[in-house]
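The values are calculated or read from the model by the stated rules, or taken from the named source; none is laboratory data. The model shown is predicted, which means the values in this text are computed figures rather than measured ones. Neighbour counts run over all protein chains shown; Cβ positions are idealised from the backbone, glycine included.
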């Protein structure tokens, strides 16, 4: 696929999406948002993609929002898609906060990653600041180079955390750490981020992508439909009120998958001491209760 701000490369069941504005330290703009969403749409529709890696070209992962527009960067009344979306400002000067033009562009990508049907690995090769790190929070694992620097500098720019990071970050590192990082806007080393649990592992720059690819290859050996269900069960389980809610979903999953070819193959391969060859496809073989979170109540 041809993109302007990202690279889209498939090999051995793994899609690598590379943020590709190295001359701007891969700063995030409206076009990058659009192309990232398109890339995840394509990944979901492609059964040959078993896992996704997101990394950056050059020396940065993503230096944050492109602020070349100066002091109006975060004035949404000036944003690139204003004409298409219209204005949320009513005639009397009040604001319609439910209007599409109010939505944060970083959050659109974070929510698309969250909804992804494939596991997503961040390979943070350098500075990841603002949206550069918040877009990585809904990714399932975050590996980093020793060159990585991480920051949530929103209050230092006079704004607030975005890209749904107020939901993701406390669940990953705890509320106290999330508050400190976001209120101070401090820049973190990779070691500090690892110690807090934000990162899975740290690697020498030349070893980062090989490590991410090895992890993706391990995931790619598993049954794709089971991986998709597991990803959503664990993420969405973070909001469940009690274990019985999880039990309902677990039970549906075990029952539905137990009737499918993948489970027969997985058990047979284990007994025969050979690698399994899974045939069920995410595009066509998801169980009929998926997506369960769209239901108004469990029944």
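I'd like to check something: does region 167-180 contain any residue that is assigned to a helix (DSSP H, G or I), touching a residue at least 40 places away in the same chain (Cβ under 8 Å) and in the same structural domain as residue 108 (by TED's automatic domain parsing)? Yes, there is a match, as at least one residue in region 167-180 is assigned to a helix (DSSP H, G or I), touching a residue at least 40 places away in the same chain (Cβ under 8 Å) and in the same structural domain as residue 108 (by TED's automatic domain parsing). Among the residues of region 134-172, those identified as under 10 Å from the mean Cα position of the chain (by Cα) and closer than 15 Å to residue 65 by Cβ are 134, 135, 136. For region 217-228, a residue qualifies if it is more than 17 Å from the chain's Cα centre (by Cα) and in a helix (DSSP H, G or I), and the qualifying residues are 217, 218, 220, 224, 225, 226. Of the residues in region 280-290, at least one is touching a helix residue (DSSP H, G or I) at 6+ places or on another chain (Cβ under 7 Å), crowded, with 17+ Cβ neighbours inside 10 Å and either without any contact (Cβ under 8 Å) to a residue 60 or more places away in the chain or within 30 Å of residue 145 (Cβ to Cβ) (or both). When we screen 229, 194 for residues that are at pLDDT 95 or above and assigned by TED's automatic domain parsing to the domain that holds residue 15, the only hit is 194.
For every residue, the table says whether it meets (1) in contact with a helix residue (DSSP H, G or I) (Cβ under 7 Å, 6 or more places away or on another chain); (2) over 22 Å from residue 104 (Cα atoms).
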residue: 10; (1), (2): no, yes
residue: 14; (1), (2): yes, yes
residue: 24; (1), (2): no, no
residue: 36; (1), (2): yes, no
residue: 40; (1), (2): yes, no
residue: 43; (1), (2): no, yes
residue: 51; (1), (2): yes, yes
residue: 58; (1), (2): yes, yes
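Against the list (1) within 19 Å of the chain's Cα centre (by Cα); (2) part of a helix (DSSP H, G or I); (3) not assigned by TED's automatic domain parsing to the domain that holds residue 174, the condition residue 249 fails is (1). For region 1-28, the set of residues classified as in a helix (DSSP H, G or I) and under 17 Å from residue 224 (Cβ atoms) is empty. Could you list, in sequence order, the residues of region 152-166 that are free of Cβ contacts under 8 Å to residues at least 40 places away in the same chain and surrounded by 17 or more Cβ atoms within 10 Å (Cβ to Cβ)? Correct list: 152, 154, 161.
Filtering region 229-241 to residues that are touching a residue at least 40 places away in the same chain (Cβ under 8 Å), in a helix (DSSP H, G or I) and touching a helix residue (DSSP H, G or I) at 6+ places or on another chain (Cβ under 9 Å) leaves 229, 232, 235, 236. Taken over region 255-278, the criterion of being over 23 Å from residue 115 (Cβ atoms) and either assigned to a helix (DSSP H, G or I) or touching a strand residue (DSSP E or B) at 6+ places or on another chain (Cβ under 7 Å) (or both) is satisfied by 255, 258, 261, 263, 264, 265, 266, 267, 268, 269, 270, 271. In region 55-72, the qualifying residues are those that are modelled with pLDDT of 95 or more and within 11 Å of residue 132 (Cα to Cα), and the one that is surrounded by the fewest Cβ atoms within 10 Å (Cβ to Cβ) is 55. Checking each residue in region 192-216 for being in a helix (DSSP H, G or I) and touching a strand residue (DSSP E or B) at 6+ places or on another chain (Cβ under 7 Å) picks out 193, 194, 205, 208, 209, 211, 212, 213, 215, 216. Just to be sure, is residue 31 touching a helix residue (DSSP H, G or I) at 6+ places or on another chain (Cβ under 9 Å) and over 22 Å from residue 224 (Cα atoms)? Criteria not met by residue 31.
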